[in-house]
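The values are calculated or read from the model by the stated rules, or taken from the named source; none is laboratory data. What you are looking at is a predicted structure, and each value in this text was computed from that prediction instead of being measured. Positions of Cβ are generated from backbone atoms using ideal geometry, with glycine treated the same way; all protein chains shown enter the neighbour counts. Please note that ligands, DNA and RNA were not included when accessible areas were found on the heavy atoms of the full protein model with its side chains. Shrake-Rupley method; radii C 1.70, N 1.55, O 1.52, S 1.80 Å.
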Amino acid sequence: MAISSAPTPESPDSADTSEAASRRVPAAALSHVEDLIDFVAASPSSFHAVQQVVDRLSAAGATVIDEHEQWPSKPGAYVLRRDGAAVAWIVPETPAADFTGFRIVGSHTDSPGFRVKPNARTSAAGYAQVAVEVYGGALLGSWTDREIEFAGRVIDKSGNEHLARTGPVARIPQLAIHLNRAVNEEGLKLHKQNHTAPIIGLDTFGTDVYQVIANAAGLSIDDIVAWDLISFDTQQPRTFGAHDEFLASGRLDNLLSVHSSLVAFETLLRQNWSTSTTIPVMVAFDHEEVGSASTTGAAGPLLADVLSRIAAATGADLERTQQLYRGSICLSADGAHGVHPNYAGEHEPGHQPELNAGPVVKINANQRYATTAVGQAEVVRIAAETSKRIGQEVPVQYFVSANHKPCGSTIGPITATRLGIDTIDIGAAMVSMHSAREMCGTIDPWWLAELTVDFWGAGH
């Protein structure tokens, strides 16, 4: 990993103190990116990511909660894990009657890829392969000709969960151009069922995917009952560009946002939050890439359960709980489409977010994003506060899809619909979204985290 905040001595502008020099990546941003790289590398699946969140917040002073037990009523910081999702919150020492609402930052832990099917063993032409199912809107071609791992959780006969990662065992090789002469003119066409099964070995070597999974989990094959395993790219995240202004990594959508909110929450725990009149909440959902309809997705009951139980623990009845909801706001943090230099015509001309040009507020007239004018103004207000605090302008950008392009969506509209809480969609600009290896700027993740700090009021 090559990270630097200044050009090398032989670079043309090494002595430059002009505007170009002032735009180089700040040291604080590079430090943030280094931590992001470590976080992504340790989070090959949603289950690993959530474990990272729980471990880090626990180390920062949060109490780990078991949902099956009585909810705590005393002030303090708390975090819980439900499968591939996590929620953290703080109950200030402020009298409960003075609470005005929740300030929620939501993200998601899952990324597109290939999930290992229950009957995982398959083969063809003497190769041992893995039977996989496409998860989410994966950019399939990006997964070819790269070494792949599988990671997630394995369940044993006693119902115990084991986090597992296989190491670089698989590859989806492309067909040679000699056998597919039209590929460069007509584009790579992959049949989801016939062309995506990764190779993991040779039948003549006795390669068995079940043994690979067992080894990764530290179990015997006979001990394994089930698994939730997904593919990830084994190439490590790294910065690149003439001034290290870019970051290339898998799973930036949406571990970048999970990490930004995690770092901001850690900052919050270091500040004096005891007199706050709002209740800060961080939620990292699972299954956003497939519609969020699960017990750990934004369309499920997770967040409503937690908010209701927090309110009840402070003595709130149904009427008071609804008052808290109406005084609440949610920041839905997810990746935003940065303008692509080779396909600029695919973007709306007046709304083309650039990398390292600030957090992106996402707006859609058809409510695929939840941002309203009120929410937009709130981001502008917070960004101004953040700019003063860090001594550097935090610009705000806007993304709107071109009229002939369908718009993706996020947990934002789902959260707004489920809870009736005003929600703002925001994120860091990136290119190659849903690729096995995405790309973003090295300043934007830091800016997003710092803005989140002030959203929670921790910068004051």
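On a 27 Å Cα-Cα criterion, which of the cross-link pairs 74/157; 117/157; 192/362 come out too long? In this structure, 74/157; 192/362 exceed 27 Å between Cα atoms. The residue 98 and residue 208 beta-carbon pair, evaluated with R₀ = 45 Å, returns a calculated FRET efficiency of approximately 0.15.
Run the numbers on the chain and let me know its relative contact order in percent, using alpha-carbon pairs under 8 Å that are six or more apart. Could you put the intermediate results ahead of the total?
Working: 966 pairs, mean separation 99.7, N = 460.
Across the chain, relative contact order equals 22 percent.
For the stretch 396-452, the equivalent ellipsoid built from the Cα gyration tensor has semi-axes of 22, 18, 12 Å, listed from largest to smallest.
Roughly speaking, to the nearest percent, how much of the stretch 62-120's 1.4 Å accessible area is carbon and sulfur? Numbers along the way, then the final one.
Details: 1080 of 2280 Å².
Ligands and nucleic acids excluded, carbon and sulfur reach 47 percent.
For the stretch 57-124, which semi-axes, largest first and in whole Å, follow from the square roots of 5 times the eigenvalues of its Cα gyration tensor? Mind showing how you got there, number by number?
On the way: eigenvalues 284, 40, 21 Å².
The equivalent ellipsoid of the stretch 57-124 has semi-axes of 38, 14, 10 Å.
Over the stretch 324-460, with the other protein chains present, what is the accessible area per residue in square angstrom, probe 1.4 angstrom?
Values: 5370 Å² over 137 residues.
I get 39 Å² per residue for this part.
Over the C-alpha atoms of the stretch 297-385, the Rg to Rh ratio, Rh being the Kirkwood estimate, stands at 1.10. For residue 81, the accessible area of its heavy atoms, probed at 1.4 Å with every protein chain present, is near 60 square angstrom.
Per residue, what accessible area does the stretch 82-177 have, given a 1.4 Å probe and all protein chains present, in Å²? Spell out each step's value before the answer.
Numbers: 3810 Å² over 96 residues.
Per residue, the stretch 82-177 has 40 Å² of solvent-accessible surface.
Of 74, 362, the order by accessible heavy-atom surface (1.4 Å probe, DNA, RNA and ligands excluded), from most exposed downward, is 74, 362.
So for 185, 438, 385, what's the accessible-area order with a 1.4 Å probe, most first?
Working: 185 145, 438 5, 385 55 Å².
If we order 185, 438, 385 from most to least accessible, we get 185, 385, 438.
Sorting the segments 62-71, 328-337 by their residues' average number of neighbouring beta-carbon atoms within 10 angstrom, most packed first, yields 328-337, 62-71.
Where only DSSP H runs of four or more residues are counted, the chain gives -8500 deg cm²/dmol as its mean residue ellipticity at 222 nm, each run worth -39500 (n - 2.57).
I'm checking a number: the convex hull volume of the Cα atoms of the chain, normalised per residue, in Å³. What is it?
Convex hull volume per residue, Cα atoms: 166 Å³.
Annotation: extensible slack from residue 326 through residue 392 equals 20.4 nm (criterion: 0.36 nm per residue apart, minus Cα-Cα distance). Note on the stretch 132-270: Rg/Rh from Cα positions, Kirkwood definition for Rh, rounded to two decimals, is 1.04. Ignoring ligands, DNA and RNA, please state the percent of accessible area on the stretch 370-460 from carbon and sulfur, probe 1.4 Å. Looking at the stretch 370-460 in its full context, I get 55 percent from C and S. For the stretch 335-414, the calculated P(r) over all alpha carbon pairs, in 5 Å bins from 0 to the bin holding the longest distance, is 3, 14, 23, 24, 18, 11, 5, 1, 0 percent. Largest accessible area first, the listed residues 157, 117 line up as 157, 117 when surface is computed with a 1.4 Å probe on the assembled protein chains. Couplings for the stretch 380-396, taken from phi via the Karplus curve 6.51 cos²θ - 1.76 cosθ + 1.60 with θ = phi - 60°, read 4, 4, 5, 4, 5, 5, 5, 4, 5, 5, 8, x, 8, 5, 9, x, 10 Hz in order; Gly and Pro are left as x. Computed from backbone phi with θ = phi - 60° and the Karplus coefficients 6.51, -1.76 and 1.60, the 3J(HN,Hα) list for the stretch 240-247 is 7, x, 4, 10, 6, 8, 10, 10 Hz; x is used for glycine and proline. For residue 121, the amide hydrogen comes within under 5 Å of the amide hydrogens of 131, counting only partners 5 or more places away or on other chains and with H modelled in the peptide plane. Ligands, DNA and RNA excluded, the heavy atoms of residue 251 present near 40 Å² of accessible surface to a 1.4 Å solvent probe. Extent along the principal axes, Cα only, for the stretch 61-217: 73, 43, 22 Å, with the longest axis given first. Fully extending the segment from residue 374 to residue 178 would add 64.9 nm, taking 0.36 nm per residue of separation and subtracting the current Cα-Cα distance.
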